[in-house]
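Colleague: Pasting a structure here, questions to come.
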Amino acid sequence: MNYAIIAAGEGSRLAQEGVAKPKPLVELQGEPMIGRLINIMLRCHAESISIIVNEHMTEVREYLESLELPVPFNLVVKSTPSSMHSLWHLSRVIPPGKFCLTTVDTIFKEEDFKGYIDAFEADEEHDGMWAVTPFVDDEKPLWVDVDSEMNITAFRDKSWVGAKYVSGGVYAMTDKAFSVLDHCIVQNISRMRNFQRALIEAGHHLKAYSIEKIVDVDHAGDITTANEFLDQ
């Protein structure tokens, strides 16, 4: 499995709330957030890891450049207007085939992630598998509509009667998605959620994989929440 991490945000809310370290280097269970993700990926069959950071994150770039990884490592240094644009730059270096993308502040338990990756590696029917969760932690969640077999039928900005899942910020797909991504860029479509909608409109078959709890680290208080969650 190839992996990619989007760590190109500025982490402005954490900084405003007194957190001195750049978000990717904030420690969870004594380990930098981005380092924790990399190590989990290495333990989950990583064939390559690609990461994008913004041009102002010199401390994060230096940390990543200091790592000696046992798999090919692609580091993209680029400031982008959205996660969708970050993925577009990563698409230029991610090897062909299946890959899993996550944002750096998406926190899950390793055993849940491994089950998800195993499921996608074994799946031969779908173009992608999205990690979803019934636990709503995001301030503006992306709601995921599914049918009785957990096939994704739509991505929605607002909840509805009977809504069960929101996006967990973890996306597994194949390089087939890149042609849709290129089209979004050419059409000046913005935001990751609109790229996801474009995949559905293009006829990509996406499956939802439910993980009981996934949390985000957006505010200073979320660091404590994330540590307590991982300690459970």
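Colleague: Go through (1) in contact with a Lys or Arg (Cβ under 8 Å, 6 or more places away or on another chain); (2) outside any strand (DSSP E or B); (3) under 23 Å from Ser50 (Cβ atoms) for Trp130 and report which single condition fails.
Modeller: (2)
Colleague: OK, next. Quick test of your reading of the structure: His205 fulfils all but one of (1) open to solvent by 40 Å² or more (accessible area, probe 1.4 Å); (2) free of Cβ contacts under 8 Å to residues at least 60 places away in the same chain; (3) under 12 Å from Gly128 (Cβ atoms). Name the failing condition by number.
Modeller: Result: His205 passes all but (2).
Colleague: Tell me which residues, restricted to the stretch 154-168, are outside any loop (DSSP other than H, G, I, E, B) and of a type outside the set (D, E, K, R). Please lay out each step first, then the result.
Modeller: If we filter the stretch 154-168 for residues that are outside any loop (DSSP other than H, G, I, E, B), which is where we start, we get 154-156, 165-168.
Hits for the stretch 154-168 are Ala154, Phe155, Tyr165, Val166, Ser167, Gly168.
So that you can scan it fast, the table gives a plain yes or no per residue for (1) closer than 18 Å to His89 by Cβ; (2) in contact with a Ser or Thr (Cβ under 9 Å, 6 or more places away or on another chain); (3) of a type in the set (Gly, Ala, Ser):
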residue: Gly115; (1), (2), (3): no, no, yes
residue: Leu142; (1), (2), (3): no, yes, no
residue: Val161; (1), (2), (3): no, no, no
residue: Ala202; (1), (2), (3): no, yes, yes
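Colleague: Also, quick follow-up: It is to be established whether one or more residues within the stretch 179-201 are open to solvent by 30 Å² or more (accessible area, probe 1.4 Å), at pLDDT 95 or above, touching an Asp or Glu at 6+ places or on another chain (Cβ under 8 Å) and part of a loop (DSSP other than H, G, I, E, B).
Modeller: no
Colleague: Okay, next question. Restricted to the stretch 8-42, and to residues that are touching a Leu at 6+ places or on another chain (Cβ under 9 Å) and over 12 Å from Glu59 (Cβ atoms), which residue is surrounded by the fewest Cβ atoms within 10 Å (Cβ to Cβ)?
Modeller: For the stretch 8-42, the residue satisfying everything is Gln29.
Colleague: Let me ask another. Taking the stretch 119-142 as the search range and keeping residues that are without any contact (Cβ under 8 Å) to a residue 24 or more places away in the chain and farther than 19 Å from Val215 by Cα, which one is surrounded by the fewest Cβ atoms within 10 Å (Cβ to Cβ)? Can you show your working first?
Modeller: Keep residues of the stretch 119-142 that are without any contact (Cβ under 8 Å) to a residue 24 or more places away in the chain, which gives 122, 124, 140.
Going one step further and asking which of them are farther than 19 Å from Val215 by Cα, we end up with 122, 124.
Values: Ala122: 7, Glu124: 5.
In this case the residue turns out to be Glu124.
Colleague: Scan the stretch 99-109 and tell me whether some residue there is open to solvent by 30 Å² or more (accessible area, probe 1.4 Å) and among the acidic types (Asp, Glu).
Modeller: Scanning the stretch 99-109, I find no residue that is open to solvent by 30 Å² or more (accessible area, probe 1.4 Å) and among the acidic types (Asp, Glu), so the answer is no.
Colleague: Consider the stretch 1-18. How many of its residues are of a type in the set (A, V, I, L, M) and either under 13 Å from the mean Cα position of the chain (by Cα) or assigned to a strand (DSSP E or B) (or both)?
Modeller: Here is the first cut: in the stretch 1-18, the residues of a type in the set (A, V, I, L, M) are 1, 4-8, 14-15.
Now drop any that are not either under 13 Å from the mean Cα position of the chain (by Cα) or assigned to a strand (DSSP E or B) (or both), which leaves 4-8.
Going through the stretch 1-18 one residue at a time, the tally reaches 5.
Colleague: Give the residues of the stretch 46-92 that are among the polar types (S, T, N, Q) and in contact (Cβ under 8 Å) with a residue 40 or more places away in the chain, sorted by residue number. Working first, answer last.
Modeller: So in the stretch 46-92, the residues among the polar types (S, T, N, Q) come out as 48, 50, 54, 58, 66, 74, 79-80, 82-83, 86, 91.
Within the stretch 46-92, Ser48, Ser50, Asn54, Ser79, Thr80, Ser82, Ser83, Ser86, Ser91 qualify.
The values are calculated or read from the model by the stated rules, or taken from the named source; none is laboratory data. Everything numeric in this text was worked out from a predicted model, so none of it was measured. Neighbour counts run over all protein chains shown; Cβ positions are idealised from the backbone, glycine included. To get the accessible areas, we keep the full protein, side chains included, count just its heavy atoms, and leave off ligands, DNA and RNA. Shrake-Rupley method; radii C 1.70, N 1.55, O 1.52, S 1.80 Å.
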